[in-house]
1. I'd like the full set of residues that are of a type in the set (A, V, I, L, M, F, W, C), outside any helix (DSSP H, G or I) and touching a helix residue (DSSP H, G or I) at 6+ places or on another chain (Cβ under 7 Å), limited to the range 32-82.
2. Filtering the range 109-126 down to residues that are at pLDDT 85 or above and of a type in the set (Gly, Ala, Ser), which residue is farthest from the chain's Cα centre (by Cα)?
3. Need pairs with beta-carbon distance below 8 Å; first residue part of a helix (DSSP H, G or I) and within the range 383-412, second at pLDDT 75 or above and surrounded by fewer than 11 Cβ atoms within 10 Å (Cβ to Cβ); sequence gap 6+ or separate chains.
4. For the subset of the range 156-173 comprising residues that are under 20 Å from the mean Cα position of the chain (by Cα) and assigned to a helix (DSSP H, G or I), which member is surrounded by the most Cβ atoms within 10 Å (Cβ to Cβ)?
5. Among (1) crowded, with 19+ Cβ neighbours inside 10 Å; (2) aliphatic (A, V, I, L, M); (3) out of contact with any Ser or Thr (no Cβ under 8 Å at 6 or more places or on another chain), there is one condition LEU68 misses while meeting the rest; what is its number?
6. Just checking, which of ALA87, ALA138 is small (Gly, Ala, Ser) and modelled with pLDDT of 85 or more?
7. Starting from residues that are crowded, with 20+ Cβ neighbours inside 10 Å and charged (D, E, K, R), keep the ones in the range 98-129 and report whichever is farthest from THR156 (Cα to Cα).
8. Against the definition (of a type in the set (S, T, N, Q), modelled with pLDDT under 75 and in a helix (DSSP H, G or I)), how does GLN375 come out, yes or no?
Amino acid sequence: MHKYFIVITVCFFICVKGSFPFPASGAAASFTDTTVERMMNHFLYREACTEINRKLKTISAKEVDRLLYYHNKISLAQLRIRNLDSALAMAKVSLSLIPRTKDSVLIADAWRILSYAYNNAGNLDSALFYTQLMLVYAERKGDEKQLRNALVSMATIMNQNRQFDQALKYNRSAAALTRKIHDTLNYALGGYNLGLTFQNLQQYDSSLFYLKHAMETAIKTKQIDLLIYIYGALADLYLSTGNETEREKYLLRAKTEAEKIGNSQFLAMLTCNLMQGSLDKKNYAEAIRYAKEANFHLSKQPYPVLQVRIDSMSWVAYNKMGDLTRAMECLVAFQRGKEMLVSGQQKEQLDKMALTLDVKEKDLTIANQNLDIAQKKRRIEVLSLLFVIAVLMTVAMFIYFVNMRSFRRQLFLKEKELEQFAADVHNWMEWRDTQKQDIETAEAMKHVAGDEIVNEVQMQAALFTELREVFDKQKLYLDPELNLKTVIRILGTNKKYLYQAISENSNINFRAFINRYRVNEAKRIIEDCVGSSSEIDITTVSSASGFNSTVSFFRAFKLFTGLTPKEYANETRKEARKRLIDYDVFAEPGEDNI
């Protein structure tokens with residue numbers, strides 16, 4: 001009954017107020033932590049992350065506003081220090097907290113962080129979605145600061161889509177709003193965005209004017225992190241105009257500022273650019289010095305794409321200096337890094353497939369917003385209000401059940417697609433391992449780079465293959481008491497090698513590896529029960545698939561499939577009925593259709 005009450009309440013709110021699902025305009029003042037704000041304003045982003053993590057441990061799950069505030073701030077701090085994966089992960093946590101709060105300021109701030117995080121991740125569709133939410137919110141609330149933030153985000157999206165004229169229009173509007181609201185801390189940012197856009201348009205005089213103005217403002221306001229970006233943009237500008245002296249000067253200035261805030265990734269990128277300049281000047285000894293410095297910074301904060309570039313330039317420098325041994329080491333490192341990047345891109349494509357559901361949820365949210373706007377225009381007389389509520393309740397319940405049914409169906413089909421994909425990849429890897437070409441390649445690599453690197457990679461691949469064969473044949477995962485020591489003993493290896501083999505070849509940990517096998521076994525048992533029309537006992541399925549408790553079974557099954565065991569069984573029955581119907585339809589006349 002409580003579900004019906006909620007639906008009625010929502011429908012009434014839509015009819016009478018007409019502002020669902022956006023935050024209420026009369027929300028209370030947002031929670032603020034002065035210590036964290038001070039650290040952020042003084043560019044102490046790492047210290048802010050440490051402070052926030054410490055405070056998050058003391059906050060209960062019921063304190064939603066505080067949780068949302070801290071996750072917004074830590075995501076922004078991670079963006080500032082270029083930890084883009086962590087920034088996006090924290091932003092997604094903020095997204096999960098939004099439905100539980102009524103604080104419109106915190107919600108709008110979460111949308112802003114999400115748009116920035118997706119922009120930096122290159123996911124422009126998601127960035128555009130949250131930017132549109134910011135625009136709608138800003139218009140409803142008359143919030144000019146939030147409108148400015150949305151315009152900046154739109155300009156960034158246009159720049160990444162190479163629509164530079166549109167980006168210039170949005171940046172100019174954002175700069176005008178910044179002046180209107182006298183937001184002095186963002187004067188420099190506005191100039192930087194305009195300078196960068198003019199640079200993309202190859203209007204270098206205008207770009208230089210705005211970047212120099214932004215530089216002077218950033219120096220006065222002591223915005224060190226922004227100043228690093230401005231110096232970098234000026235260096236790129238002088239590179240485009242062929243002024244190598246000015247380019248090097250601004251790269252060194254940016255490097256000096258990055259050292260002040262201890263940003264290893266900034267330092268690595270700037271040192272890499274200086275190394276490129278040394279190569280262009282044929283100063284190979286200086287290039288090697290910059291390479292060593294860049295590698296030192298990357299050891300603190302890895303950046304695979306940049307590492308590949310540095311290895312490539314190091315190979316050129318050592319080769320020109322006649323140090324063929326080190327040149328060959330750099331070449332091997334470059335090849336390995338390039339292969340890892342290709343593998344990472346393939347994994348990213350799989351992740352994008354998994355995000356299809358997120359896109360559908362966003363489409364549903366947009367549809368609900370359009371429904372809200374349409375219903376607002378069709379308000380009726382008070383005497384017919386009860387009738388309208390009853391109609392809307394019926395429609396809402398129907399949409400809810402249809403969407404939930406479609407949602408479970410999509411998850412089930414996606415799980416089946418991933419199963420087939422995993423099987424294809426496994427078969428392909430077995431085929432590849434049998435090819436003589438791999439053996440010849442390994443022998444060549446041993447001759448060039450030494451036995452140690454190749455043997456380690458081969459050992460990890462062989463150990464992982466042996467692990468899978470043991471699990472497939474002996475079904476160790478069916479033992480609820482299975483532990484790491486048992487697997488190590490059977491394989492005749494140690495903990496370090498086993499962990500490395502699993503992480504390098506599957507990107508999951510040991511416990512997740514076992515649970516994946518157990519979930520697959522549980523799916524097989526459920527499908528067998530459905531096929532034989534037997535009753536499904538969840539406790540029996542849990543025990544038979546190797547789990548030591550139904551709680552851990554439910555948690556693992558939901559994690560890997562997105563469905564509960566009962567929902568998976570229902571979808572399996574539907575799939576079986578569908579195949580039976582298809583068989584009946586396409587059977588030849590006269591066949592005995594069973």
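1. PHE43, ILE59, ILE81
2. ALA110
3. Final answer for the pair search is VAL388/ILE380.
4. Ranking the qualifying residues of the range 156-173, first place goes to THR156.
5. Here LEU68 clears every test but (3).
6. ALA87
7. The selected residue is ASP103.
8. The answer is no for GLN375.
The values are calculated or read from the model by the stated rules, or taken from the named source; none is laboratory data. Quick caveat: nothing in here was measured; it's all calculated off a predicted structure. Note that we place each Cβ from the backbone using ideal geometry, even for glycine, and neighbour counts take in every protein chain shown.
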